[in-house]
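Q: Sharing a structure, written as structure tokens. Questions coming.
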Amino acid sequence: MRRWRANNPEALRAQRRRYNAKHREDIRNYQRRKQLNGKIIRGTKRQFYRICELCGEEIEKYPCWHHWDDEHPENGLWLDWLCHQAAEAVEQKGLVIPLYSKLKDLLESQLPR
């Protein structure tokens, strides 16, 4: 089997694409469970413009959707990885960063419940 994989990389890629297309929802659910400690949280996220909403930098890869309320996961911010880690630390330790707090309050007032 290893030899076949090494000798047929295009066939292997095509096989993976077919599998991923057929099981797209299962793969997404698995990834969500893995990221959220076994708990699937669904919600509609706002459009992503490749800009971190906290620091304003362009996000090249690893955009993070930071939400603060599991009952309303659609209320959140698009952050880069570093800002997301900072926001998580703020949430867990009860600290408040003025810009983060301001953005959170603004979005909560704009988004329907």
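Q: In contact (Cβ under 8 Å) with a residue 24 or more places away in the chain and more than 18 Å from Thr44 (Cα to Cα): is that true of Leu107 in this structure?
A: Considered against the rule, which asks whether it is in contact (Cβ under 8 Å) with a residue 24 or more places away in the chain and more than 18 Å from Thr44 (Cα to Cα), Leu107 comes out as no.
Q: If you don't mind, another one. Tell me, please, whether a residue that is under 17 Å from Arg28 (Cα atoms) and not polar (S, T, N, Q) can be found in the stretch 46-55.
A: No - not one qualifying residue is present in the stretch 46-55.
Q: Those residues that are closer than 15 Å to Lys45 by Cβ, touching a residue at least 24 places away in the same chain (Cβ under 8 Å) and part of a loop (DSSP other than H, G, I, E, B), I need them from the stretch 57-104; list them, please.
A: Across the stretch 57-104, the qualifying residues are Trp68, Asp70, His72, Pro73, Glu74, Asn75.
Q: Kindly check whether there is at least one residue in the stretch 21-30 that is at pLDDT 90 or above and assigned to a helix (DSSP H, G or I).
A: Taking every residue of the stretch 21-30 in turn, at least one turns out to be at pLDDT 90 or above and assigned to a helix (DSSP H, G or I).
Q: Given the options Leu77, Leu111, name the one that is out of contact with any Pro (no Cβ under 7 Å at 6 or more places or on another chain), at pLDDT 80 or above, surrounded by 11 or more Cβ atoms within 10 Å (Cβ to Cβ) and on the phi < 0 side of the Ramachandran plot.
A: One residue alone meets the criteria, Leu77.
The values are calculated or read from the model by the stated rules, or taken from the named source; none is laboratory data. Bear in mind the structure is a predicted one, so any value in this text is a computation, not a measurement. Note that we place each Cβ from the backbone using ideal geometry, even for glycine, and neighbour counts take in every protein chain shown.
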